[in-house]
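Derivation of every value follows stated rules applied to the coordinates shown; laboratory data play no part. Since the model is a prediction, treat every value here as computed from it, not as a measurement. Ideal geometry is used to build each Cβ from the backbone, glycine not excepted, and the neighbour counts take in all protein chains shown.
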């Protein structure tokens with residue numbers, strides 16, 4: 001739910017130090033401030049969030065909402081209302097990531113006695129190597145596109161290399177195999193990654209300009225221990241079969257529009273996260289009730305049509 005940030009044109013933070021009660025107050029740069037800082041004293045729990053970059057960047061102060069609904073993979077009859085119903089709706093601080101919201105969704109559903117679905121359709125914000133491996137270990141399918149790797153100056157990314165973490169080998173776009181592979185482990189977190197180096201292969205490579213930066217002598221790649229799962233998904237998502245399955249997720253976009261336009265999801269009527277959560281629970285319940293009523297009315301109409309078609313046939317006898 002979005003609450004647009006406000007401000008007066010031309011206002012700039014003071015640059016000079018100030019002395020208050022003998023203490024020196026020094027302004028801090030925006031980058032030094034915590035993401036959960038207070039944006040509005042009248043709504044201290046509403047935080048700042050930004051999505052996208054450049055012209056597509058969207059900013060707001062408020063909260064975020066994660067929505068989960070059931071998926072009917074069968075083809076609906078002409079005019080048949082949706083068979084999908086909301087299964088969960090989570091409201092959380094805007095500065096938190098979508099992945100954190102997804103974790104909270106799992107916790108709330110578990111508290112209600114709901115098991116994880118065997119197939120879950122998500123967008124790229126919820127896909128990571130770790131999540132793909134976890135879903136596979138649980139015997140579930142996590143269907144969604146893997147986000148593209150970061151790219152700098154149009155050079156080759158990790159997606160252009162065939163990497164086999166288990167065998168400690170990597171094949172570059174020029175068809176050369178890595179000369180060295182090192183296992184790295186962060187002491188604090190225990191996070192494991194692997195560094196692949198291509199050494200002398202890069203010195204006379206015809207693709208050097210598309211692969212190396214100005215001051216690089218050879219290409220080095222660092223990937224996570226579960227990179228193979230991420231690489232497989234990036235290859236799979238290019239196939240027509242995967243793209244056909246992803247059509248089932250399109251319904252959630254219509255649901256978002258229904259919640260916003262028909263139920264005022266982005267209009268917080270009350271202040272505070274707890275009250276915003278309660279409002280959104282009621283919105284989700286109202287949406288489900290309306291969907292159920294539409295389906296029941298449609299079923300009655302179908303039954304009436306069948307009955308009216310059978311009556312003349314019975315009279316003809």
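Before moving on, here are some points about what is shown:
- Rg and Dmax over the alpha-carbon atoms of the chain stand at 26.5, 104 Å.
- Using a Förster distance of 35 Å, the FRET efficiency for residue 83-residue 270 (Cβ separation, nearest 0.05): 0.60
- Mean Cβ neighbour count within 10 Å, used as a protection proxy, ranking 54-62, 143-151 highest first: 143-151, 54-62
- Separation of the residue 239 and residue 307 label points, Cα + 7 Å toward Cβ, nm: 4.9
- Gyration tensor analysis over the Cα atoms of region 114-202 returns equivalent ellipsoid semi-axes of 30, 17, 13 Å (largest first, whole Å).
- Pair residue 277, residue 37: separation of 7 Å Cα→Cβ label points (nm): 2.7
- The shape of region 168-313 can be summarised by an equivalent ellipsoid whose semi-axes, obtained from the alpha carbon gyration tensor, come to 56, 26, 14 Å from longest to shortest.
- Least to most buried among 252, 89 (fewest other Cβ within 10 Å first): 252, 89
- Efficiency of FRET from Cβ geometry, residue 74 and residue 134, R₀ 45 Å, rounded to 0.05: 0.95
- Note on residue 106 and residue 160: the extension gain reaches 16.0 nm, defined as 0.36 nm multiplied by sequence separation minus the Cα-Cα distance.
- In Å, descending, principal axis extents of the Cα set of region 196-235: 32, 18, 16
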